[in-house]
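Structure, as structure tokens:
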Amino acid sequence: MLNQDTGARPPQVGPSEGIGYFARFGVTERMIAQTLATALARGGEHADVFFQHRVGSDVGLEDGAVNRAHATVELGVGVRVVKGDQTGYGYTEDLSLPALLECARTAATIAEGPSRAVPERFHVRAGLPDRYPLIRPWEDVRPQEKLPILAALNEQAFSSDARVKKVNLFLRDESGAILVADSSGRIVEDRQPMTLLYLSVLAESNGRREQNGYNVAGRAGFDFYSPERLERVVREAVSRTTVLFEAVTPPAGELPVVLAAGSSGILLHEAIGHGMEADFNRKGVSIYADKIGKRIAQPFVQIVDDAANAGARGAINVDDEGNDAGTTHLVQDGVLTTYLHDAISARHFGVRPTGNGRRESYRHAPLPRMRSTYMLPGPHRTEEIIRSVKKGIYCMNFSNGQVNIGAGDFTFYVKNGYLIEDGKLTRPVKDVNIIGNGPQALERVDMVSDDLAIDEGGWTCGKDGQSVPVSQGLPTVRVSSMTVGGRGS
């Protein structure tokens, strides 16, 4: 039989029909081979298909009553064709061969030239790491087992402090798989769980109200929610809220700023990490576009982007292009050593992909994205850093912010923190904005503690209309000077 689009004979494929997880949906090697042959019929240099099945379950509780419960099912495939820096893309929820071929023809329109052959044989890649082992997968957990957890957390939050007046809880879990096959003959499959628990508290005291919360997330199953983790969720949500009744507004001006270990990594992610994504540098819009091999921080500063933190929300066994995903050392001894690459940027810069090609779903083409981004431990002690500051701010967690990715200018709102006075943490602070420039702030990091903490929260990174789960972390660090926007004196 001749391929209708190329006029060439279709590639020879193995004898097996269904492929792994997606065999249940009728996906076969022959179907993939025909789709890729059509995708390369107009001269594309590379083509791949990305199948995805994701089943999500959401349940929410407000003041002890279920206020939402729903399930979502996503099933579809995206077909990508690449020629140079150009990308053609089509997707469909119909997994029949005619629908896949139509997507392939759509994606192929970016190219113009003779057809390219696809491999005669495909090979299913084995030996992927197992970074999210499951004891109880979510598909085995009934809703009746989730509700008692939420009800107990609700009761514990109310009983822990009389000032708590309202409690909201939200639990999400996901299960499913992806399959990537490309014109090199590679087939890779990965099953990807995810869960997120969020607890928010509204407290009232002497006519004043304060609100805050805490959340935990990871690529894990039902067993993720140990008694210790659940207790921590309640304790942190309530304490982060009630401490705001004692908080003062800090002085404004240029001050030393100490970023606490853990969630302060949001600054590293937003103000610095995005600038190290290779597509921004390929387009020349990042301040780091000419900084490879140059010193951008003190010699004791090391920054990595890591797919290998087992169970972390940003962990992946393989990226969404089917490439190895390990630990990428972005800054070594203060020197920028590489960017975060997908296959397109890696080809442009003449390097190997770093396993950072990620996408929100089958509806999107992959882009260079972060996974778990953090700074490695440094030579200083946390107590030493606090003692070194006569007058400054200690920032513990943040609620929102804005970043100009190209230049790295940022504004972040500090939800919880403390004044540092004469080398000691004194009064809690709130209503604080810290304002600065990411690369400049990195240059001003002059102390790094040995207390690295990877935050366990449910961080989600947005870029070009796509959201992907990520993790982040930081040891305690001191930035010698940063603009603090407060109202006090």
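Please find, within segment 279-301, the residue that is nearest to residue 362 (Cα to Cα) out of those that are part of a loop (DSSP other than H, G, I, E, B) and open to solvent by less than 40 Å² (accessible area, probe 1.4 Å). For segment 279-301, the residue satisfying everything is 286. Residue 357 falls short of the stated requirement of being out of contact with any Pro (no Cβ under 6 Å at 6 or more places or on another chain) and within 30 Å of residue 222 (Cα to Cα).
Residues in segment 312-331: is at least one under 23 Å from residue 45 (Cα atoms) and basic (Lys, Arg)? No, the conditions are met nowhere in segment 312-331.
Report, ordered by the first and then the second residue, all pairs with beta carbons closer than 8 Å, sequence separation of six or more or different chains, a first member in segment 111-137 that is in contact (Cβ under 8 Å) with a residue 24 or more places away in the chain and within 23 Å of residue 88 (Cα to Cα), and a second member that is in a loop (DSSP other than H, G, I, E, B) and open to solvent by 70 Å² or more (accessible area, probe 1.4 Å). Taking only residues 6 or more apart or on different chains, the pairs are 111/42; 111/45; 112/42; 113/42; 115/42; 116/45; 119/184.
For residues in segment 418-440 being touching a residue at least 60 places away in the same chain (Cβ under 8 Å) and open to solvent by less than 20 Å² (accessible area, probe 1.4 Å), which is farthest from residue 408 (Cα to Cα)? Break it down stepwise before answering.
Taking segment 418-440 as the starting set, the residues that turn out to be touching a residue at least 60 places away in the same chain (Cβ under 8 Å) are 419-420, 427-432, 434, 436-439.
Of the ones still in play, those that are also open to solvent by less than 20 Å² (accessible area, probe 1.4 Å) are 419-420, 428-429, 432, 434, 438-439.
Numbers: 419: 26, 420: 27, 428: 28, 429: 26, 432: 20, 434: 14, 438: 5, 439: 7 Å.
Out of the qualifying residues, it is 428.
Considering segment 380-415 alone, what residues qualify as being open to solvent by less than 10 Å² (accessible area, probe 1.4 Å), in a strand (DSSP E or B) and either at positive phi or at pLDDT 95 or above (or both)? Matches in segment 380-415: 392, 393, 395. Applying the set (1) part of a strand (DSSP E or B); (2) open to solvent by less than 30 Å² (accessible area, probe 1.4 Å); (3) hydrophobic (A, V, I, L, M, F, W, C) to residue 234 leaves exactly one unmet item: (1).
So, in segment 441-463, of the ones that are hydrophobic (A, V, I, L, M, F, W, C) and open to solvent by less than 30 Å² (accessible area, probe 1.4 Å), which residue ends up farthest from residue 371 (Cα to Cα)?
Taking segment 441-463 first, the residues hydrophobic (A, V, I, L, M, F, W, C) are 441-442, 445, 447-448, 452-454, 459, 461.
Remaining after also requiring open to solvent by less than 30 Å² (accessible area, probe 1.4 Å): 441-442, 445, 447-448, 461.
Details: 441: 22, 442: 20, 445: 23, 447: 25, 448: 22, 461: 9 Å.
Only one residue fits best here, namely 447.
Scanning segment 1-20 for residues that are open to solvent by less than 20 Å² (accessible area, probe 1.4 Å) and modelled with pLDDT of 65 or more yields one hit, 19. Taken over segment 213-225, the criterion of being in a strand (DSSP E or B) and either touching an Asp or Glu at 6+ places or on another chain (Cβ under 6 Å) or open to solvent by 20 Å² or more (accessible area, probe 1.4 Å) (or both) is satisfied by 214, 215, 216. Within segment 464-476, is there a residue that is at pLDDT 95 or above, open to solvent by less than 40 Å² (accessible area, probe 1.4 Å), within 11 Å of residue 394 (Cα to Cα) and not in a helix (DSSP H, G or I)? Within segment 464-476, one or more residues are at pLDDT 95 or above, open to solvent by less than 40 Å² (accessible area, probe 1.4 Å), within 11 Å of residue 394 (Cα to Cα) and not in a helix (DSSP H, G or I).
The values are calculated or read from the model by the stated rules, or taken from the named source; none is laboratory data. Quick caveat, the model's predicted, so the values are computed rather than measured. Neighbour counts run over all protein chains shown; Cβ positions are idealised from the backbone, glycine included. What goes into the accessible areas is simple: the full protein's heavy atoms, side chains included, and nothing from ligands, DNA or RNA. Shrake-Rupley method; radii C 1.70, N 1.55, O 1.52, S 1.80 Å.
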